[in-house]
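Below you'll find the structure, written out as structure tokens, and then a few comments.
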Amino acid sequence: MTAAPLITVRDMTVRFRTDEGLITAVENVDFEIAPGEVLGLVGESGSGKSVTAKALMQLNAKNTVYDPESHIMLQVPDQPPLDVLSLKRERDMILVRGGAISMIFQEPMASFAPAITIGDQMVEQLRLHSDMSRKRAREISIEMLDRVGISDAAKRFAQYAFEFSGGMRQRAMIAMALSTKPKLLIADEPTTALDVTIQAQVIDLMKDLVAEFGMGILFITHDLGVIAQTADRVAVMYLGRIVETGPVREVIKNPAHPYTQGLLHALPRLDDLDAPLVPVAGDIPSPLERPPGCVFHTRCDRAIAGMCDTRTPEATTVVEGHEARCFDLTKGQEVA
Amino acid sequence: MNAPLVSLNELSVHYPLGRRLIGAAPVLKAIDQVSLDIPKGSFFGLVGESGSGKTTLGRAILRAAPISGGHATYCDGEVDYDLGTIGKEQMRDYRKRAQLIFQDPYAALSPRMTVRDIIAEPLEVMGITKTREETDARVREIAAKCRLNLEHLRRFPHAFSGGQRQRISIARALVCGPKFVIADESVAALDVSIQADILNLLKSLQRELHLTFLFISHDLSVVAHVCDYVAVMYLGSIVEVAPTRELFATPRHPYTRALLSAIPSLDPDDTGQAQRLEGEVPSPASPPSGCRFHTRCPVVHDRCRRDIPHLQEADEGTSVACHFWRETLPG
């Protein structure tokens, strides 16, 4: 990767103030995304994927606390770098929200306003981010709807979300997110609510659009198969930490972290129907009872007593560009 | 193939859509003339996309959806019921023999009842046990089989994770000693690492308690791993039934092939794009003429637009509803 990263996240820790005390949702997360690169963020429910994504646009709720060492730097080419977390006023956020970064959500029915036409919603946000005329905004919106494969776009422009099918709503959502020409697209489980045949269409569409627009994508999903088909690099999250990261081929073929290995063993695969399904033992701990040391040690069969339950493993390079946080990888090199 | 436990013969579930003054009112054909045998002791998979009618079919077998045509019979060697005309007394008995496990373990359990009461409720409602001691013994026995411990029984559902809640749902469905269990998307709401655990539990319970399962799922890779037979549904009809291995090795219906290739492969180089389906599932209120799949079928012929293909025996123990399955088989 030679291009300067579009977004750089360093040491990000996100906590929520609740009645039960401060809950850690994301801890010391580092990653960057270059223009034209698709980073897949994979993890189970409660792993902090969505919180991470929302932090990039400061969309988390009011009770969110970012630790002082957390940094999110947005570097749009030909513009001064922007420290996202230093933006305090809502109106400053417009540079980021919908400007440099757009987001598409899992449930498109819940994301469109039900009583406003799809077209009006598209025009509204376009005009918010530019001084475009209503007519021009309309033209661009229809063009985008057409581009994402919605037939009869001019007619569809005047319809409401309930008149669209699930797959079409997600396409309209993508059209809307891309119409402002964002540099970074955050896709939070964009295909989870769709049937497999429609999911395949949407994945194909997103791949085409990356090639055409050259934006970076943060693709969030719990489905490793979807990641394999879309991402260039993958980051595996568990309980708010990135436990493994690397090129998607490398991580799926040679997973280094016990959690990633466990996930791959638990996944029913079509190429080997005889392989037994091996669940990852135990349950995901409640965020209120966050394990000390390595967050995965309570479910790990390779946990070393006195080490994994007290100390946090550092990122260890497996091969160039592929890192995992596990003591098992450094065992041989440890002096003690 | 064992004798069928549940046998469907041209079963239909139609819902009226409003009324007309003149002429017949339009109907939504949720299930249209489905014939299917579920062999005793099998783990039978039913797959399809949303709106294909898989849940309605399961509900019709349990008489939770109205049967508007055809026959459904249940025959376990002790009793023989025609589910379309079953009487009240027989129905009460049938409820003990056929049970349902729901999809969402968060919605299915009452938050105000302890786990013990949740599992015991079917026994009390159906009057299976007479004394509290007897009920407790049954609850403890089934809880142990579902790997819940005695301490769990005193707690409320909110204290449990998704996987544990699903084990509670399973225990409740099995406590009255059913022979036939419908699992409707029972692992869809669970994370991958937990899903495998529940699937393994269902399989071991099936062997231990000699159950017959109808496993409804949209996830073909899950079905491939747990089921003995698979039926594929599209728009209220069954397009293919086959032993699992046969179905995944040689999918005969074009829809099955498309469905299989749409599953995102873990191999980044295998995009499966060759078989991509275009368009979306048509509305069941106005299904296409002829073969219901013809609007999206990559190998459609003229005849497909006119004649409805019926499910017919093909080879290797499979059945296919396609006029041209033999000609369009790749390779």
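Just so you know, all these numbers are worked out from the coordinates, no wet-lab data involved. Since the structure is predicted, the reported quantities are computational estimates derived from the model, not experimental observations. No Cβ is skipped: glycine too gets one built from the backbone with ideal geometry, and neighbour counts run over all protein chains shown.
What the table below lists for this structure:
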{"item": "Calculated from backbone phi, Karplus (6.51, -1.76, 1.60) coupling profile of the stretch A:129-139 in Hz, x at Gly/Pro", "result": "9, 7, 9, 5, 6, 4, 5, 5, 4, 5, 4"}
{"item": "Karplus 3J(HN,Hα) series, Hz, for the stretch A:42-51 with 6.51 cos²θ - 1.76 cosθ + 1.60 (x for Gly, Pro)", "result": "10, x, 8, 4, x, 7, x, 4, 5, 4"}
{"item": "Alpha-carbon centroid distance for the pair the stretch A:86-115 / the stretch B:80-133, whole angstrom", "result": "47 Å"}
{"item": "Estimated D of the stretch A:110-258 in µm² per second, where Rh is the Kirkwood radius over Cα pairs and Stokes-Einstein applies at 4 °C, 1.567 mPa s", "result": "78 µm²/s"}
{"item": "Pairs of alpha carbons in the stretch A:47-96 whose separation is greater than 17 Å (percent)", "result": "36 percent"}
{"item": "Amide H within-cut-off set for residue A:316, under 5 Å, with H built and near neighbours excluded", "result": "A:324, A:325, A:326"}
{"item": "The stretch A:311-321 - phi-based ³J(HN,Hα) in whole Hz, Karplus 6.51/-1.76/1.60, Gly and Pro as x", "result": "10, 8, x, 7, 5, 10, 6, 8, 9, 3, x"}
{"item": "Residue order, fewest to most beta carbons within 10 Å, for B:313, A:32", "result": "B:313, A:32"}
{"item": "For the stretch A:76-116, alpha-carbon Rg relative to the globular expectation (2.2 N^0.38 Å, N residues)", "result": "1.53"}
{"item": "Ordering of B:100-110, B:12-22 by burial proxy (mean other Cβ atoms within 10 Å per residue, highest first)", "result": "B:100-110, B:12-22"}
{"item": "Peptide A:274-286, shielding by other chains (average Cβ, 10 Å cutoff)", "result": "5"}
{"item": "Share of Cα-Cα pairs in the stretch B:245-331 lying beyond 15 Å, as whole percent", "result": "62 percent"}
{"item": "Long-range HN-HN contacts of residue A:25 with modeled amide H, under 5 Å", "result": "A:14, A:15, A:16"}
{"item": "Exercise: per-residue mean of other protein chain Cβ atoms within 10 Å, B:194-203", "result": "4"}
{"item": "Spatial separation of Cα centroids for the stretch A:240-254 and the stretch A:146-203, in angstrom", "result": "29 Å"}
{"item": "Calculated diffusion of the protein assembly as shown, Stokes-Einstein form, Kirkwood radius summed over Cα pairs, 10 °C and 1.306 mPa s, µm²/s", "result": "58 µm²/s"}
{"item": "C-alpha long axis of helix B:115-125 to longest principal axis of chain B, angle in °", "result": "80 degrees"}
{"item": "Highest average packing first - A:317-323, A:121-127, B:85-91, Cβ atoms within 10 Å", "result": "A:121-127, A:317-323, B:85-91"}
{"item": "The stretch B:245-331, relative contact order in percent, only Cα pairs under 8 angstrom and at least six apart counted", "result": "27 percent"}
{"item": "Sequence of B:129, A:221 once ranked by neighbouring C-beta atoms within 10 Å, starting from the fewest", "result": "B:129, A:221"}
{"item": "Computed magnitude of the charge dipole of the stretch A:133-175 (debye, nearest 20; Cβ of K, R +1, Cβ of D, E -1)", "result": "180 debye"}
{"item": "Straight-distance crosslink candidates among lysines, where the alpha carbon sits under 19 Å from residue B:96 and sequence neighbours closer than 8 are dropped", "result": "B:40, B:88, B:130, B:145, B:179"}
{"item": "Peptide A:222-229 - average C-beta neighbours from other chains (10 Å radius)", "result": "5"}
{"item": "Sequence-separation-based contact order of chain B, relative, with Cα cut under 8 Å and 6+ spacing, percent", "result": "19 percent"}
{"item": "Taking the stretch A:7-241 and dividing mean pair separation by its residue count, relative contact order in percent (alpha carbons under 8 Å, at least six apart)", "result": "32 percent"}
{"item": "Residues with amide H under 5 Å from that of residue A:41, placed H, sequence gap 5 or more", "result": "A:219, A:220, A:221, A:235"}
{"item": "Burial ordering of A:88, B:145, fewest other beta-carbon atoms within 10 Å first", "result": "A:88, B:145"}
{"item": "Separation between Cα centres of the stretch A:1-62 and the stretch B:48-65, rounded to whole Å", "result": "40 Å"}
{"item": "Largest to smallest principal axis extent of the C-alpha atoms in the stretch B:187-286, angstrom", "result": "43, 36, 27"}
{"item": "More than 31 Å apart - percent of Cα-Cα pairs taken over chain A", "result": "36 percent"}
